[in-house]
Amino acid sequence: MESFVIEGGHPLKGTITPQGAKNEALQVICATLLTSEPVRINNIPDILDVNNLIKLLQDIGVKVTRHNRHEYTFQSDELNLNYLGSEEFVKKCSQLRGSVLMIGPILGRFGEATIAKPGGDKIGRRRLDTHFIGFKNLGAEFVRNEEKNVYQLKAKQLKGCYMLLDEASVTGTANIIMAAVTAKGNTTIYNAACEPYIQQLCHMLNAMGANISGIGSNLLNIIGVDNLHGTEHTILPDMIEVGSFIGMAAMVGDGIRIKNVSINNLGIIPEAFRRMGVKIIEENDDLIIPKQEQYVIDSFIDGTIMTLADAPWPGLTPDLLSVLLVVATQAKGTVLIHQKMFESRLFFVDKLIDMGAQIILCDPHRAVIVGHNREKTLRAGRLTSPDIRAGIALLIAAMSANGTSTIANIAQIDRGYEDIENRLNNLGAKIRRIND
């Protein structure tokens with residue numbers, strides 16, 4: 001197991017460019033299963049979750065051509081369908097949450113799919129009901145094999161229908177879209193997720209010959225087509241990494257420019273940090289975060305305590321609440337962080353409390369942070385990354401702390417952040433990767 005050793009107190013200064021979006025990459029790479037023709041995808045992030053998904057596709061027979069570190073071509077013309085039900089495939093799926101996105105395209109194209117309960121972050125319940133209810137609405141038969149702990153879906157011909165999703169699940173929406181594009185007839189999905197990455201998936205599928213309208217809204221209409229063809233697609237910058245860099249710049253920055261962020265696709269992320277008092281300058285498609293000598297948490301118009309809560313897009317993404325929480329520890333003022341979607345995502349705050357942060361964990365979903373106003377520096381500590389986003393939040397805390405910290409289980413960070421220690425060291429950080 002690898003760990004990071006972080007020497008705190010070194011300011012970051014310079015320019016950094018965000019990687020391609022992890023969540024979009026997982027979706028559009030799986031979408032290449034819908035056609036036998038080549039699909040080229042650019043700006044793929046070189047991270048653990050994406051690389052493991054690519055290996056999984058190769059295992060089932062997808063031909064993968066690596067043009068360079070971030071550009072690949074996928075061709076699914078000779079798949080080994082027998083391997084999809086094997087114990088080896090099921091085991092690999094169980095270790096990767098992104099594998100769930102293979103169900104929709106495989107079911108849509110081949111009429112049956114077998115997949116294990118996927119792994120991923122340990123951040124509370126992440127149910128798959130939305131996915132499977134959507135598939136059943138399209139006419140698939142659903143059986144859970146308790147002995148093997150796998151899900152089996154079969155359908156001779158998926159048929160379009162109207163469906164109202166029980167939650168605006170991003171992966172659920174993506175999976176249902178990919179199953180529906182070749183279903184017979186018309187499919188209407190209401191309460192669909194409408195994140196930029198879902199929009200990107202829809203645009204890519206339309207470029208492959210699908211017929212999807214309502215893109216960008218929570219009401220999608222899909223007219224089924226007989227087959228799809230190849231295309232070329234470029235992935236957006238990762239909005240979560242952009243937000244993470246804003247948080248780093250606020251805590252330990254001495255002037256940082258974040259380049260080519262696709263400002264129009266960041267939603268209210270910059271505004272959330274501005275509510276924390278962080279100064280952000282927009283210049284063309286870059287964000288400039290000057291050195292923050294002090295940042296003061298805003299309050300609501302009636303004078304009540306600021307609350308930052310996650311919500312479906314265009315609300316605030318839950319993936320950045322961990323970063324915002326850490327940023328608040330050195331702000332002037334008080335903020336309530338309300339994590340509504342996952343009941344275990346705030347449990348990492350005990351590590352921050354050990355580092356000297358003033359945090360009250362009210363319950364699994366809410367934490368009150370009283371900022372130090374930079375009058376008291378966090379202490380270094382021995383930390384463990386429980387999930388991707390808590391991991392990057394702890395890394396930010398360690399870079400701002402007084403002394404040398406160690407973060408274990410950094411494979412969690414590697415799942416979502418490409419070559420993070422070298423990129424931050426280029427800005428002035430002091431981070432070493434060691435083998436325990």
Exactly one of Ile60, Ile47, Ile41, Ile54 is touching a Leu at 6+ places or on another chain (Cβ under 7 Å) and in the same structural domain as Leu158 (by the TED database), and that residue is Ile60
Which of the following residues is within 22 Å of the chain's Cα centre (by Cα) and open to solvent by 60 Å² or more (accessible area, probe 1.4 Å): Ile281, Ile258, Ile268, Ile223? Ile268
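Results for (1) under 30 Å from Asp414 (Cβ atoms); (2) modelled with pLDDT under 95, shown as yes or no for each residue.
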position: Arg275; (1), (2): no, no
position: Leu287; (1), (2): yes, no
position: Gly303; (1), (2): no, yes
position: Thr329; (1), (2): yes, no
position: Ile337; (1), (2): yes, no
position: Ser344; (1), (2): yes, yes
position: Phe348; (1), (2): yes, yes
position: Gln358; (1), (2): no, no
position: Thr384; (1), (2): yes, yes
Need the failing condition index for Ala401 against (1) more than 15 Å from Asp354 (Cβ to Cβ); (2) open to solvent by less than 10 Å² (accessible area, probe 1.4 Å); (3) not aromatic (Phe, Trp, Tyr), just the number. (1)
Count, please, the residues in segment 339-366 that happen to be open to solvent by 50 Å² or more (accessible area, probe 1.4 Å) and either under 24 Å from Arg274 (Cα atoms) or assigned to a strand (DSSP E or B) (or both). 8
Of the numbered conditions (1) at pLDDT below 90; (2) crowded, with 18+ Cβ neighbours inside 10 Å, Glu88 fails exactly one; give the number of that condition. (2)
Failed item in (1) in contact (Cβ under 8 Å) with a residue 40 or more places away in the chain; (2) not assigned by the TED database to the domain that holds Ala183, with Pro290 passing the rest: (1)
Near pairs, Cβ below 6 angstrom, 6+ apart or cross-chain, from segment 338-367 (closer than 28 Å to Val170 by Cα) to any residue that is open to solvent by 50 Å² or more (accessible area, probe 1.4 Å) and among the aliphatic types (A, V, I, L, M): Val349/Leu361; Ala367/Leu361
Can you find a residue that is under 23 Å from Lys13 (Cβ atoms), open to solvent by 10 Å² or more (accessible area, probe 1.4 Å), part of a strand (DSSP E or B) and assigned by the TED database to the domain that holds Ser385 anywhere in segment 298-314? no
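Could you tell me how many of the residues in segment 63-89 are under 24 Å from the mean Cα position of the chain (by Cα) and more than 23 Å from Met239 (Cβ to Cβ)? Can you show your working first?
First, pick out the residues of segment 63-89 that are under 24 Å from the mean Cα position of the chain (by Cα): 64, 66, 68-74, 89.
If we keep only those that are more than 23 Å from Met239 (Cβ to Cβ) too, we end up with 64, 66, 68, 73-74, 89.
Within segment 63-89, residues that are under 24 Å from the mean Cα position of the chain (by Cα) and more than 23 Å from Met239 (Cβ to Cβ) number 6.
The values are calculated or read from the model by the stated rules, or taken from the named source; none is laboratory data. The structure presented is a predicted model; accordingly, all values stated were derived computationally and were not measured. Please note: Cβ atoms are built from the backbone with ideal geometry, for glycine as well, and neighbour counts cover all protein chains shown. Side chains included, ligands, DNA and RNA excluded: accessible areas come from the protein's heavy atoms. Shrake-Rupley method; radii C 1.70, N 1.55, O 1.52, S 1.80 Å.
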